[in-house]
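The values are calculated or read from the model by the stated rules, or taken from the named source; none is laboratory data. Please read these numbers as outputs of a predicted model, since none were measured by experiment. For neighbour counting, all protein chains shown are included, and Cβ atoms are generated from backbone atoms with ideal geometry for every residue, glycine included. Please note that ligands, DNA and RNA were not included when accessible areas were found on the heavy atoms of the full protein model with its side chains. Shrake-Rupley method; radii C 1.70, N 1.55, O 1.52, S 1.80 Å.
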Amino acid sequence: MSALLHLDALPRNTTKGTLVRLLVQVGELDKNRIGAIQITGRKATVEVPSAWLPRLVRVLDNTPLGHQHIRAWSAADKSQQSATANEHFARLLRWIDLEAAAEAEAAKLRMRRLSASEAERSGQSLVQLVIRDETTGLGARVLVTLAKRDAAQGLPWTRLGVGSPVLLSEEGLKDPDPLRGIVSRRDSQTIEVALARWPEPEADRPTFRIDLSSDEIARDRQRYALQRAQNANHERLEELRQVLLGEREPKFAPSELAPAAAAQLNASQRDAIAFALSARDVAIIHGPPGTGKTTTVVELIRLAVAQGEKVLACAPSNLAVDNMLERLIALGVGAVRLGHPARVSPELRAHTLDLMVENHADLKVARKLIRDANQLQHKAARYTRAKPMPGARQQLRAEARQLLADAERIERQAVAQILDHAEVLCVTLTGLDSDILGGRQFDLAVIDEACQSTEPACWIPLLRAGRVILAGDHFQLPPTVVHREAGREGFSVSLLERLIELYGATRLARRLEVQYRMHQAIMAFSSAEFYDDVLVADPSVAAHVLADLPDVVRSPLTETPLEFIDTAGASYDEQPEPDGESRLNPQEAEVVERKVTALLEAGVSARDIAVISPYAAQVRSLRQRLAALEVEVDTVDGFQGREKEAVIISLVRSNPSGEIGFLADVRRMNVALTRARRKLIVIGDSATIAGHEFYQRLLEYFELLGGYKTVWEEMY
């Protein structure tokens with residue numbers, strides 16, 4: 001008699017032969033007693049003798065396979081499903097703790113090992129700053145503007161961008177007490193930080209430093225969401241949990257878009273929306289680069305609102321949330337933005353809950369009550385010659401407290417009115433604040449850029465949703481994970497990617513197939529490598545080149561979409577970064593500079609050019625080299641979700657052993673290759689990278705389209 005052995009968390013591309021060897025070598029089961037094997041994504045079922053099932057579950061569960069530990073269980077044991085769910089959430093909670101410890105350790109190492117100038121050079125800190133201005137704004141928060149003491153000295157390159165959580169501390173103190181804040185504005189000369197209270201320096205002429213900080217409030221919200229989902233019982237959240245863990249089949253209802261609905265979208269976008277609206281539990285919109293994923297998501301939200309649904313629109317980053325908010329407002333949807341106003345684009349801040357409350361008519365009454373309360377408190381504290389009547393001071397303070405309570409009640413009522421009338425609430429995944437939202441529930445949660453978030457953050461909106469739509473592309477960069485062990489074990493696998501591996505690419509997902517960004521030659525390689533060669537370039541972009549732009553001179557440089565400049569044999573060797581772990585290639589940077597100069601001389605605007613590299617050290621070097629040319633320079637990771645008319649990629653790696661480091665993560669290269677609209681230039685050493693099959697095919701593709709040239713041709 002046979003039974004089904006269930007296996008999960010298998011390495012990608014696990015074969016039946018691999019599982020047979022596992023059962024024979026680890027489970028000690030005779031090969032001839034292994035029955036049918038079915039593999040779906042990272043899960044498998046195997047027919048085994050019933051008598052062997054308990055032993056196989058015991059010895060195979062948590063056994064290593066490849067670079068990770070697999071799970072094994074018997075579906076016949078209902079209690080095992082609960083145990084499996086508990087193990088899943090326990091792993092996520094453990095990974096959160098590992099990540100928190102890794103970030104804290106990295107911060108300590110930075111402070112201990114790096115001097116102030118080195119910390120600043122890393123991009124994680126700004127030092128030797130002075131306060132230029134202090135004011136209030138952004139919902140009564142304190143805004144402090146800082147700059148270098150020398151007014152002519154601008155700020156160096158930094159990772160501290162608008163919305164970054166930071167610590168502001170006075171320099172030179174033995175035991176500084178840093179203030180937590182949010183970067184609210186930044187330009188080349190100054191940086192503005194929003195704080196909860198005024199800084200109180202101890203020195204007469206103090207200098208300050210700003211350090212990137214972790215967001216512990218966000219982590220606490222993730223932990224709470226996981227524990228709440230794990231313990232959900234006899235409620236909608238339990239049903240969603242069962243679907244998302246593969247314990248219950250997802251359900252769909254028939255749904256078709258009316259001919260006039262979303263008529264401006266293409267067929268694959270309309271199909272994705274209809275499929276998403278039909279989902280009773282979960283659905284995925286798979287959006288490859290340039291295919292209008294956010295356009296599709298926003299139209300889905302609009303149609304859901306038109307059906308009378310309340311929608312929670314989320315994304316991991318403030319930029320992605322603002323992108324949805326801006327488009328929803330343009331469509332006339334009643335959307336409210338929740339979150340710190342400093343993290344919101346200035347042109348959208350009027351739609352934040354904080355500022356909407358500030359401008360609410362009832363707040364005039366609340367402000368008067370607060371002024372009256374302050375006057376009563378001042379009167380109670382004021383010294384007088386005449387002795388006050390017994391209990392008079394206490395009565396004044398009691399009246400003040402009552403006035404403040406009334407003001408707070410009015411403010412809460414204003415918040416409730418705004419939230420109750422909102423059709424869509426736009427917020428980052430970790431920005432959902434229960435103190436503000438209370439017990440509010442939503443018919444639909446939509447998570448855009450879902451592949452850029454670790455799974456725990458996605459459970460925060462799931463606590464409040466009847467169903468969920470995930471949108472993203474699992475063939476682009478995964479979530480950033482600092483702790484290597486957690487990443488290897490699966491923390492870097494997003495919820496979207498896990499669900500596709502669990503259910504397959506077609507059961508839960510619909511893919512968008514028309515892209516509106518790239519020349520078809522720029523698009524075609526990634527389409528073949530990652531998207532089953534189904535992407536189609538819209539006619540509006542299929543043949544566009546730089547020469548079609550106003551004031552751009554026609555030449556071989558501007559009339560062709562692709563170039564690969566091969567540095568093999570030129571001794572353009574990579575170098576380790578001094579006092580760092582990254583790598584750079586100075587000679588390759590010279591080639592980049594020549595190409596940027598040639599593009600500018602051909603009439604291409606500096607704002608239409610980007611230079612990107614997988615290596616932060618090369619980016620820092622290029623920023624210095626190209627500063628006068630005013631083109632944007634960034635890492636591949638930093639440029640995800642962006643686009644430019646012309647993009648130059650510096651691969652950096654050039655060594656006799658063919659080591660390519662994390663260039664081997666081809667998803668990173670997929671991002672890099674799909675940022676350019678009209679011109680893509682890649683600079684690298686074919687002798688180093690061609691040992692990897694992906695890069696061998698890339699070189700062959702450039703050569704096939706006539707875009708391959710050596711650095712010697714480029715120089716002469």
Just one listed residue, out of ALA617, ALA610, ALA589, ALA570, is part of a loop (DSSP other than H, G, I, E, B) and among the hydrophobic types (A, V, I, L, M, F, W, C), and it is ALA570
Can you pull out the residues in the range 574-592 that are within 27 Å of GLU700 (Cα to Cα), surrounded by fewer than 16 Cβ atoms within 10 Å (Cβ to Cβ) and among the charged types (D, E, K, R)?
GLU590
With respect to ARG678, determine if the residue is in contact with a His (Cβ under 7 Å, 6 or more places away or on another chain), over 15 Å from SER526 (Cβ atoms) and surrounded by 22 or more Cβ atoms within 10 Å (Cβ to Cβ).
yes
Note on LEU179: of the conditions (1) touching a Leu at 6+ places or on another chain (Cβ under 6 Å); (2) touching a residue at least 24 places away in the same chain (Cβ under 8 Å); (3) of a type in the set (A, V, I, L, M, F, W, C); (4) farther than 21 Å from GLN441 by Cβ, unmet is (2)
Restricting the range 36-56 to residues that are over 34 Å from the mean Cα position of the chain (by Cα) and open to solvent by less than 30 Å² (accessible area, probe 1.4 Å), the residue that is farthest from PRO11 (Cα to Cα):
PRO49
Reported set for the range 663-709 where residues are under 26 Å from LEU549 (Cβ atoms) and in a strand (DSSP E or B) is ALA676, ARG677, ARG678, LYS679, LEU680, ILE681, VAL682, ILE683, TYR708, LYS709
Restrict the check to the range 274-291 and report whether at least one residue is open to solvent by 50 Å² or more (accessible area, probe 1.4 Å) and either under 29 Å from SER540 (Cβ atoms) or β-branched (Val, Ile, Thr) (or both).
no
Quick one: would you say THR506 is open to solvent by 50 Å² or more (accessible area, probe 1.4 Å), closer than 30 Å to ILE447 by Cα and polar (S, T, N, Q)?
yes
Would you please list the contacts, defined by Cβ atoms under 7 Å and residues six or more apart or on different chains, that run from a residue in the range 296-321 that is of a type in the set (Asp, Glu) to a residue that is outside any strand (DSSP E or B)?
GLU299/ALA262; GLU299/LEU265; GLU299/ILE273
When you scan the range 115-137, do you find a residue that is modelled with pLDDT of 85 or more and within 24 Å of the chain's Cα centre (by Cα), even just one?
yes
Condition first: open to solvent by less than 60 Å² (accessible area, probe 1.4 Å), touching a residue at least 12 places away in the same chain (Cβ under 8 Å), within 21 Å of the chain's Cα centre (by Cα) and at positive phi. Can you find one or more residues in the range 328-339 that meet it?
yes
ILE565 fails exactly one of the following numbered conditions: (1) in contact with a strand residue (DSSP E or B) (Cβ under 6 Å, 6 or more places away or on another chain); (2) open to solvent by 60 Å² or more (accessible area, probe 1.4 Å). What is the number of that condition?
(2)
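Listed here are the residues, each with its yes/no results for (1) open to solvent by 50 Å² or more (accessible area, probe 1.4 Å); (2) over 19 Å from GLU118 (Cα atoms); (3) assigned to a loop (DSSP other than H, G, I, E, B).
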{"residue": "ALA152", "(1), (2), (3)": "yes, yes, yes"}
{"residue": "LEU160", "(1), (2), (3)": "no, no, yes"}
{"residue": "ILE182", "(1), (2), (3)": "no, yes, no"}
{"residue": "ALA194", "(1), (2), (3)": "no, yes, no"}
{"residue": "PRO206", "(1), (2), (3)": "no, yes, yes"}
{"residue": "ILE210", "(1), (2), (3)": "no, no, no"}
{"residue": "SER214", "(1), (2), (3)": "no, yes, yes"}
{"residue": "ALA218", "(1), (2), (3)": "no, yes, no"}
{"residue": "ARG221", "(1), (2), (3)": "yes, yes, no"}
Would you call GLU99 in contact (Cβ under 8 Å) with a residue 24 or more places away in the chain and part of a helix (DSSP H, G or I)?
yes
Give the residue, chosen from ARG94, ARG110, that is surrounded by 13 or more Cβ atoms within 10 Å (Cβ to Cβ), modelled with pLDDT of 80 or more and part of a helix (DSSP H, G or I).
ARG94
Qualifying positions in the range 439-455 - within 26 Å of GLU408 (Cα to Cα) and either without any contact (Cβ under 8 Å) to a residue 12 or more places away in the chain or under 22 Å from the mean Cα position of the chain (by Cα) (or both):
GLY439
Identify all residues within the range 155-207 that are farther than 16 Å from THR136 by Cα and of a type in the set (Ser, Thr, Tyr); write none if there are none.
THR158, SER164, SER169, SER188, THR190, THR207
